[in-house]
1. Please state which one of 61, 56, 42 is at pLDDT 95 or above and in a helix (DSSP H, G or I).
2. Please identify the pairs in which a residue from region 63-81 that is under 20 Å from residue 1 (Cβ atoms) has its Cβ atom under 7 Å from the Cβ atom of a residue that is modelled with pLDDT of 75 or more and surrounded by fewer than 13 Cβ atoms within 10 Å (Cβ to Cβ), counting only partners at least 6 apart or on another chain.
3. Could you please let me know if residue 37 is over 21 Å from residue 99 (Cα atoms) and out of contact with any strand residue (DSSP E or B) (no Cβ under 7 Å at 6 or more places or on another chain)?
4. Among the residues of region 22-39, write down those that are without any contact (Cβ under 8 Å) to a residue 40 or more places away in the chain and in a helix (DSSP H, G or I).
5. In region 1-21, which residues are farther than 17 Å from residue 98 by Cβ and either without any contact (Cβ under 8 Å) to a residue 40 or more places away in the chain or part of a helix (DSSP H, G or I) (or both)?
6. Does residue 66 fit the bill of being modelled with pLDDT of 90 or more, more than 16 Å from residue 134 (Cβ to Cβ) and either assigned to a helix (DSSP H, G or I) or out of contact with any helix residue (DSSP H, G or I) (no Cβ under 7 Å at 6 or more places or on another chain) (or both)?
């Protein structure tokens, strides 16, 4: 059974981080690069947004999937939600690569450049706002879960 309180709490936290990103998106790349606090804030907000979405994905999969689905990584969790009817596969293809960004941030890959992180903000804000809307609509449906 879906834990709607858990999901709603995660959605609320994602919205809070999106609001922070909105404020930070007003700065230029140069302004962000010149201020480590701004850059760190962007990195951390992105990481938290993506990880909370993955937490939601994993919970929905655990409670709603059939149990035989293959998940090789976090990106797959976004695609699996499309298979469960949470949103379209087209949307999954747009948002799923953010899991790779999360991996780059967490594992501090050497090829993660400031411009990649900065540019991802303009994608993350609308995509994760849309993601939250899809999730909220999904949990309002009368029946979710394993058959």
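1. Details: 61 fails: at pLDDT 95 or above; 42 fails: at pLDDT 95 or above.
56 is the lone residue from the list that is at pLDDT 95 or above and in a helix (DSSP H, G or I).
2. Pairs found: 63/1.
3. Working: over 21 Å from residue 99 (Cα atoms): yes; out of contact with any strand residue (DSSP E or B) (no Cβ under 7 Å at 6 or more places or on another chain): yes.
Against the criterion (over 21 Å from residue 99 (Cα atoms) and out of contact with any strand residue (DSSP E or B) (no Cβ under 7 Å at 6 or more places or on another chain)), residue 37 qualifies.
4. Quick first cut of region 22-39, residues without any contact (Cβ under 8 Å) to a residue 40 or more places away in the chain only: 23, 26-28, 30-31, 34-38.
Matches in region 22-39: 23, 30, 31, 36, 37, 38.
5. Just the residues of region 1-21 that are farther than 17 Å from residue 98 by Cβ, to begin with: 1-9, 12, 16, 19.
Within region 1-21, 4, 5, 6, 7, 8, 9, 12, 16, 19 qualify.
6. Values: modelled with pLDDT of 90 or more: no; more than 16 Å from residue 134 (Cβ to Cβ): yes; either assigned to a helix (DSSP H, G or I) or out of contact with any helix residue (DSSP H, G or I) (no Cβ under 7 Å at 6 or more places or on another chain) (or both): yes.
The answer is no for residue 66.
The values are calculated or read from the model by the stated rules, or taken from the named source; none is laboratory data. Because the structure is a prediction, the values reported are computed rather than measured. Positions of Cβ are generated from backbone atoms using ideal geometry, with glycine treated the same way; all protein chains shown enter the neighbour counts.
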